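Asker: Submitted below is the structure of interest, expressed as structure tokens.
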Amino acid sequence: MPLDVSRVSDEERLKQLGYQQTLSRSMSGRANFGVSFTIISILSGCMTLYGYGMNTGGPAVIMWGWLFVGLMTLFVGLSMAEVCSSYPTSAGLYFWAHRMAPSRTAAAWAWFTGWFNALGQIAVTAGVDFGAASFLNALLDLQFGFTATPGHTITLFGIILVLHGVLNTFGVRIVAFLNEVSIWWHILGVVVICGALVLVPDHHRSTGFVFGEFVNNTGFSSSTYVVLIGLLMAQYTFTGYDASAHMTEETIDASTAGPKGIVRSILVSLAAGFILLFGFRSCCLSGLDDGVFAGRA
């Protein structure tokens, strides 16, 4: 049964759960939110798979799919936030599975949950860092002639992975600071990008086009299947919000800050991502549009 956490300190709560405080508890609630918000990362998630989304459903699936997936993710996040408020531990999901599963199978549930979560974290880190390497290689190619080849991209990918490892080695304070910077980077980035898309193009798409234009350049005849795979753009982006739970042992007032971090990261990402995608689809990007809509089935 969940314990009453309203009148106990963070350290006392951990003692109730069976172990001593060992990590440095210096992360604020805003920084905790920033961890999940950064991992969701609407700028990297939406932009990395934007071309994919344009070919698997186009504007209609991008816009409505973002709202649908975001709402479903919010339901999951609300459930996770409730559990996190009772079990604010760095172990996160696999600790919850152990405590909430029947005692006879608790260890098995915790083992599978922990390993699936670990594999997911590895895959997400690899995916995000590879996307960063691809964009960086393109920038270096344009600015300094560092050709965008597979070998160069993999080299940059390895450097970024090592850099992440080094940064995390120096403690939670650096990570917390970077995540707080990331909050404003994402919000200001959306404002700057959408502002440029509103002011610079001479023509803009109609609302009917943005929310109603369906594109199928997949080769599959089933529209239902195309819509389902088109949702992957939003599903790929809405991941990692459980990070707020994993950081609770390092967060002040963890039993409330952790749950709030989970829910707020989803809500803010849902709103900001919708504005970003609407801005992209409402402007006329002739180079991309011509390539996509010329192949429309």
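Asker: For the pair Asn168 and Gln143, how long in nm is the line joining their label points, each one 7 Å along Cα→Cβ?
Answerer: Using points 7 Å along Cα→Cβ, the separation is 2.7 nm.
Asker: Determine the relative contact order of segment 119-205: mean sequence separation of Cα pairs under 8 Å and six or more apart, normalised by residue count, in whole percent.
Answerer: After rounding, I find 19 percent.
Asker: Using Cα pairs under 8 angstrom and six or more residues apart, how large is the relative contact order of the chain, in percent?
Answerer: Relative contact order, the chain: 44 percent.
Asker: Along Cα→Cβ, 7 Å out, is where each label goes; now give me the distance between the ones at Phe135 and Glu12 in nm to one decimal.
Answerer: Going from the Phe135 label point to the Glu12 one covers 4.5 nm.
Asker: If amide hydrogens are placed 1.01 Å from N in the peptide plane, which non-local residues have theirs closer than 5 Å to the one on Cys283?
Answerer: Arg205
Asker: Quote the FRET efficiency, to the nearest 0.05, computed for Leu228 versus His203 with a Förster distance R0 of 35 Å and r equal to the Cβ-Cβ distance.
Answerer: E(calc), rounded to 0.05, equals 0.60.
Asker: Out of segment 146-215, which chymotrypsin sites (Phe, Trp or Tyr not before Pro) are coil in DSSP terms and have no more than 15 other C-beta atoms within 10 Å?
Answerer: Phe170, Phe214
Asker: In addition: Are there any helices in the chain, counted as whole DSSP H runs, that stretch 18 Å or more along their axis by Cα and score at least -1.0 on average by Kyte-Doolittle, and if so which?
Answerer: 58-86, 106-144, 150-169, 172-199, 254-282
Asker: In addition: With r defined as the distance between the Cβ atoms of Gln235 and Arg104 and R0 fixed at 35 Å, what FRET efficiency is calculated, to the nearest 0.05?
Answerer: With R0 = 35 Å, the Cβ-Cβ based efficiency is 0.55.
Asker: Still on this structure: How much length is gained on full extension from Thr22 to Trp185, taking 0.36 nm per residue of separation minus their Cα-Cα distance?
Answerer: Full extension from Thr22 to Trp185 adds 55.5 nm.
Asker: Going by average Cβ neighbours within 10 Å, how do the peptides 60-72, 101-113, 31-43, 122-134 rank, with the highest at the top?
Answerer: 31-43, 60-72, 122-134, 101-113
Asker: Can I ask one more? Using the basic label-point model (7 angstrom from Cα toward the beta carbon), what is the His152 to Phe177 distance in nanometres?
Answerer: Here the answer is 3.2 nm between the modelled labels.
Asker: Which entry in (i) 62, 44, 35; (ii) 74, 70, 37; (iii) 58, 54, 32 matches Cα extents along the principal axes in Å derived from the coordinates of this structure?
Answerer: Matching entry in (i) 62, 44, 35; (ii) 74, 70, 37; (iii) 58, 54, 32: (i).
Rule-based calculations on the coordinates, nothing more; no lab input. Treat the numbers as computed from the prediction; the structure is a model and nothing was measured. Glycine also receives a Cβ, built like all others from the backbone with ideal geometry; neighbour counts cover every protein chain displayed.
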